[in-house]
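Below: one structure, written as C-alpha cells.
The values are calculated or read from the model by the stated rules, or taken from the named source; none is laboratory data. Predicted, not measured: the structure shown is a model, and the values here were computed from it. Cβ sites come from the backbone with ideal geometry, for glycine too, and all protein chains shown count toward neighbours. Heads up: the accessible areas ignore ligands, DNA and RNA and are worked out on the full protein's heavy atoms, side chains in. Shrake-Rupley method; radii C 1.70, N 1.55, O 1.52, S 1.80 Å.
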Amino acid sequence: DAGVIQSPRHEVTEMGQEVTLRCKPISGHDYLFWYRQTMMRGLELLIYFNNNVPIDDSGMPEDRFSAKMPNASFSTLKIQPSEPRDSAVYFCASSLYDHGYTFGSGTRLTVV
Amino acid sequence: RKEVEQDPGPFNVPEGATVAFNCTYSNSASQSFFWYRQDCRKEPKLLMSVYSSGNEDGRFTAQLNRASQYISLLIRDSKLSDSATYLCVVSSASGGSYIPTFGRGTSLIVHP
C-alpha cells in the first residue's frame, strides 16, 4: 500500500485566497483524521470521519474551515478565506478502528 | 489539566545511555495507548503500541500504569538515530468512535 497520500506537499498563498488540501487514506481504513501542527500548539485535531461521516468537528477553528469526505478514498480540507495565522503543517491520518494511526507526509501551508 | 501531558525536554543524553519518558493522561476511561516518533519536518510515525502488561521491542520498552494514569517509554543503549520527538497518544471512546489525543511530545537529543 502507498500509505496515506496528501497533496500538495507545499502551498504558498496570499491572504484571502481559498486553499484546498487533499488526502487519500489507506484502503480499508475506516477512520480519517485532519490535524494541524504548529510550534505553539502542537498537534491539534481539527475533524475526524468514521466511514465517511464527520463525527466531531469541534476542533475546526472557525467557519472558514470546512472538510468533506465524499467517498472512502478521498477527503478535502478547505480554508476560505485563508489568513496568515492559518500557516501550519496540516496532516491527514487514517486508521482501522483503533489500531494505530498512519499519517501522510503533510501539507506545509504558508499564507502571506 | 491537559488531557495528555508530557515533559517537553529536551533530554540531552550521550550515546549508549538509557533514557525514560513519562506521559500522563486525564481520562480514566482511555482504552488505547501508543508512542509515536516524529523527526524534524516529518510526519509522526508509530513506534509502538502500549499494552497493559507492558511490552518490549528491541531497545524500547513501553509500560502502562492505569491506576496512576501514565505510560512510559524506556530507551536502552541510545543511538544517534534515536534523536527525535516522542509523542504519547491516548485514545478514548466517544459515542461509538475512538478519538486519539496527542501529547505535545518530548524532544530527545543523543550526542556522541
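Mind checking which residues of region A:62-87 are open to solvent by 10 Å² or more (accessible area, probe 1.4 Å), closer than 17 Å to A:GLU18 by Cβ and part of a strand (DSSP E or B)?
Scanning region A:62-87 gives A:PHE65, A:SER66, A:ALA67, A:LYS68, A:THR76, A:LYS78.
Sort out which residues of region B:92-112 are small (Gly, Ala, Ser), surrounded by fewer than 21 Cβ atoms within 10 Å (Cβ to Cβ) and under 17 Å from the mean Cα position of the chain (by Cα), and write them in order of number.
B:SER92, B:SER107
Give the residue, chosen from B:LYS45, B:LYS79, that is open to solvent by 50 Å² or more (accessible area, probe 1.4 Å) and at the interface with another protein chain (Cβ under 10 Å from one of its Cβ atoms).
Exactly one of B:LYS45, B:LYS79 is open to solvent by 50 Å² or more (accessible area, probe 1.4 Å) and at the interface with another protein chain (Cβ under 10 Å from one of its Cβ atoms), namely B:LYS45.
Quick one: how many residues across region B:83-112 are under 14 Å from B:LEU47 (Cα atoms) and not β-branched (Val, Ile, Thr)?
Here the count works out to 7.
Can you find a residue in region B:49-68 that is more than 14 Å from chain A (Cβ to nearest Cβ), loosely packed, with under 14 Cβ neighbours inside 10 Å and basic (Lys, Arg)?
The answer is yes; a qualifying residue exists.
Mind telling me which of the residues B:SER81, B:SER28 ends up being part of a helix (DSSP H, G or I) and more than 22 Å from A:THR38 (Cβ to Cβ)?
One residue alone meets the criteria, B:SER81.
Inside region A:17-37, can you point out the residues that are touching an Asp or Glu at 6+ places or on another chain (Cβ under 8 Å) and open to solvent by 20 Å² or more (accessible area, probe 1.4 Å)?
A:ILE26, A:SER27, A:ARG36, A:GLN37
So which residues in region A:96-107 are at the interface with chain B (Cβ under 8 Å from one of its Cβ atoms) and in a strand (DSSP E or B), if there are any at all?
The answer is A:THR102, A:PHE103.
Which of the residues belonging to region A:80-92 are more than 8 Å from chain B (Cβ to nearest Cβ) and under 22 Å from A:VAL53 (Cβ atoms)?
A:TYR90, A:CYS92
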